[in-house]
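Everything below concerns the one structure shown next.
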Amino acid sequence: MSERIETRVGRLLRDRGLTLAVAESCTGGLICHRLTQVPGCSAYFLGGAVAYHNAVKIALLGVAATTLARDGAVSAETAAEMARGARRVFGADAAVAATGIAGPAGGSETKPVGLVYLAVAHGGGVTVRRRLFNGSRSAIKSRAAEAALGLLRECLRATRKAGVRHAKAGGRTPAGGRRKAPPGRRRAG
């Protein structure tokens, strides 16, 4: 059996000394669940938020009310703002976000059931993907979580190939400064 994607993502994060946060809507905590199935995930996983209601997206993650009014909760713009917000709130090096329509109701001609936007916020900016999944509510949530982890892995690997070096666990940033400690953690020394 091949290694699960959350294990591969965890190794990439741990090897680079990076931290991760998650912002979820349609996946309802499934991304966080999968990440925390990996032993030792506390070395890189800071936490996550299930921001299902728009008011929570605004209050907790800082998604602009104007973005929600203009583009809707299921949009590339909202996914990007959710990822940036999670990164900021948790003080993480990277954040992954998912927003979509898991069904069985709630879809429209322009935004059908199964439409999901995924985003990864990282040092290089934000990467957003639009995906359309078929199946039951449970299947859509599962596929969206898998795709979110896949996008995160892709972004982490692309950053490495681009020649960007990340700080190791020693706490130094690429510019030589100290990396900000995650909330609630103090650095020794």
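Taking one quarter of the surface of the convex hull spanned by the alpha-carbon atoms of region 42-111 gives a direction-averaged projected area of 5.2 nm². For residue 107, the residues whose amide H sits under 5 Å from its own are 113, ignoring neighbours fewer than 5 places away on the same chain, with H placed 1.01 Å from N. Going from the residue with the fewest nearby Cβ atoms within 10 Å to the one with the most, 33, 53, 122 rank 53, 33, 122. Geometric descriptor of region 69-167, per residue, is 102 Å³ (volume of the convex hull of the Cα atoms).
A straight line joining the Cα centroids of region 70-142 and region 4-21 runs 20 Å. Across all Cα atoms of region 1-40, the radius of gyration (one decimal) and Dmax (whole number) stand at 10.9, 30 Å.
Sort 127, 78, 99, 66 so that the residue with the fewest other Cβ atoms within 10 Å of its own Cβ comes first and the one with the most comes last. Before the final figure, lay out each step's value.
Details: 127 18, 78 26, 99 30, 66 9.
If I rank by nearby Cβ atoms, fewest first, I get 66, 127, 78, 99.
About its Cα centre, region 97-158 has a charge dipole of approximately 60 debye under the convention of +1 per Lys or Arg Cβ and -1 per Asp or Glu Cβ, with nothing else charged.
What translational D, rounded to a whole number of µm²/s, comes out for region 5-161 from Stokes-Einstein when the hydrodynamic radius is the Kirkwood one over Cα pairs, at 25 °C and 0.890 mPa s? Using the Kirkwood radius from Cα pairs, D works out to 162 µm²/s.
Values quoted throughout were computed directly from the atomic coordinates according to the rules given, and no laboratory measurement underlies them. Every value quoted in this text rests on a predicted model; they were computed, and no experiment measured them. Virtual Cβ from ideal backbone geometry, glycine too; neighbours counted across all protein chains shown.
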